[in-house]
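These notes are about the structure you will find just below.
The values are calculated or read from the model by the stated rules, or taken from the named source; none is laboratory data. The structure presented is a predicted model; accordingly, all values stated were derived computationally and were not measured. Backbone-built Cβ (ideal geometry, glycine too); neighbour counts: all protein chains shown.
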Amino acid sequence: MGKPINELWNSDFELADVAHSAIAGIVVGAIFYPMFIGNLGHKIFNLKVISSETGADYSRAEKGAMRECLKYVLAYLIIPIIWILWDEKNQNLSDKLTKTLVVEKNKNE
């Protein structure tokens, strides 16, 4: 059974947790970005990740690994998660750092 919310809120996380998140992000990004131009959630919702500078698809494994790694690790800080609420382009903090946008795929893709 799950832990009560106050126990989770007051628990300390360890550096190993952050390292596991980083590794998971790298694996997810390296596998899914070349196939889906984003992660599995992007595929399900017909979205893709593009460069905010050039508009090119973000489909290289190493770039996807870096974006997902940043997203997973920065989630420990909470602020990157809610950043999207006041950003005019609806970019997460990891999107700002990697200069990416999440957009809808064209119907013919």
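A few notes on this one:
- Restricting Glu62, Glu53, Glu104 to residues that are closer than 13 Å to Gly29 by Cβ and not polar (S, T, N, Q) narrows the list to Glu62.
- Residue within the stretch 31-50 that is within 17 Å of Leu101 (Cα to Cα) and among the small types (Gly, Ala, Ser) present: yes
- Residues satisfying the stated conditions in the stretch 17-39, i.e. crowded, with 16+ Cβ neighbours inside 10 Å, out of contact with any Ser or Thr (no Cβ under 7 Å at 6 or more places or on another chain) and not β-branched (Val, Ile, Thr): Ser21, Ala22, Gly25, Gly29, Ala30, Phe32, Phe36, Gly38, Asn39
- Each residue in the stretch 70-109 was checked for being without any contact (Cβ under 8 Å) to a residue 24 or more places away in the chain and among the aromatic types (Phe, Trp, Tyr), and 2 pass.
- Test set (1) modelled with pLDDT of 85 or more; (2) part of a helix (DSSP H, G or I) - Ala16 fails condition number: (1)
- Meets criteria (under 23 Å from Asn106 (Cβ atoms) and buried (at least 19 other Cβ atoms within 10 Å of the Cβ)) for Asp95: yes
- Residues in the stretch 68-97 that are among the acidic types (Asp, Glu) and farther than 18 Å from Ala30 by Cα: Asp87, Glu88.
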